[in-house]
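To keep things clear, I will list the structure first and then write my remarks on it.
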Amino acid sequence: MVEGNQTEKGITRRKFTLGVMIASMAGAFASLFSLLKVLAPASKGAGYVSTIKPGDRLVYAKGGNAGSPVKASSMSLGDAVLVYPVGKTSNPANLVQLIKLNESDFKAPTKINLTDQGFVAYSAICTHLGCTVSWVKNTANPSASITECFCHNSMFDPAKGAEVIGGPAPIPIAQIGVKINGDSLVFTSDFTGPIGPQV
């Protein structure tokens, strides 16, 4: 019981309830902030830093030939394979799609000086959310084949600098220079633009 000017010692029910409510709201806001951070896309190109250097030989990235040098003579018109630079297969930013088309098919903004005898190469990482792209071969007309990301259906035209021709990807996938060396292929440049997600 409180008499005169004496104050009650300890925490009142009202103060306790208010403290619990404030702590609960702070926890809810912290949880919401964490959830939004997880759901938000990574910053542009976050974590995608290629270590490809001019002169690096191309090797198969997948399948029974994984790690073996890519032979120019083994690829026909309209073929495409996923490749890495030799010895640098642990970095996913180094994954490249190598494509064989008719030289006469290439149109701007393809960088013709980065192609060789119909071979052209682009990053294999979609610029939307970073999935690996796939090759959709048009057997009736290889020149009409496209690169597609099946995660969200972004489509790119490899004969025109991998321009976006459909889907949510905001920019083309970056080209990288290749050249035939004997029957093998080597990289001749860095990527011409950013790689990885650009949303």
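Tabulated data for the structure shown
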| quantity | calculated |
| --- | --- |
| Strands (runs of 3 or more DSSP E) within the stretch 113-199 that include 3 or more residues of a type in the set (V, I, T) | 175-181 |
| Odd one out for I171, checked against (1) under 16 Å from I125 (Cβ atoms); (2) more than 12 Å from the chain's Cα centre (by Cα); (3) in contact (Cβ under 8 Å) with a residue 24 or more places away in the chain | (2) |
| Restricting the stretch 111-127 to residues that are buried (at least 23 other Cβ atoms within 10 Å of the Cβ) and either under 14 Å from the mean Cα position of the chain (by Cα) or not hydrophobic (A, V, I, L, M, F, W, C) (or both), the residue that is nearest to S50 (Cα to Cα) | S123 |
| In the stretch 154-179, the residues that are closer than 21 Å to Y48 by Cα and exposed (fewer than 14 other Cβ atoms within 10 Å of the Cβ) | P170 |
| Test: residue in the stretch 70-81 that is modelled with pLDDT under 95, out of contact with any Gly (no Cβ under 9 Å at 6 or more places or on another chain) and among the basic types (K, R) | no |
| Residue within the stretch 114-127 that is of a type in the set (F, W, Y) and under 16 Å from T188 (Cα atoms) present | yes |
| Which numbered condition L77 fails, given (1) within 23 Å of Q198 (Cβ to Cβ); (2) assigned to a loop (DSSP other than H, G, I, E, B) | (1) |
| Residue check for G67: modelled with pLDDT under 95 and either more than 19 Å from Q175 (Cβ to Cβ) or outside any loop (DSSP other than H, G, I, E, B) (or both) | yes |
| Inter-residue pairs, beta-carbon under 6 Å, first part of a loop (DSSP other than H, G, I, E, B) and modelled with pLDDT of 50 or more and in the stretch 40-57, second surrounded by 14 or more Cβ atoms within 10 Å (Cβ to Cβ) and of a type in the set (D, E, K, R), 6+ apart | T51/K88 |
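The values are calculated or read from the model by the stated rules, or taken from the named source; none is laboratory data. On a predicted model such as this, the values are computed, not experimentally measured, just so you know. Quick reminder, even Gly has a Cβ in these numbers, built from the backbone with ideal geometry, and neighbours come from all protein chains shown.
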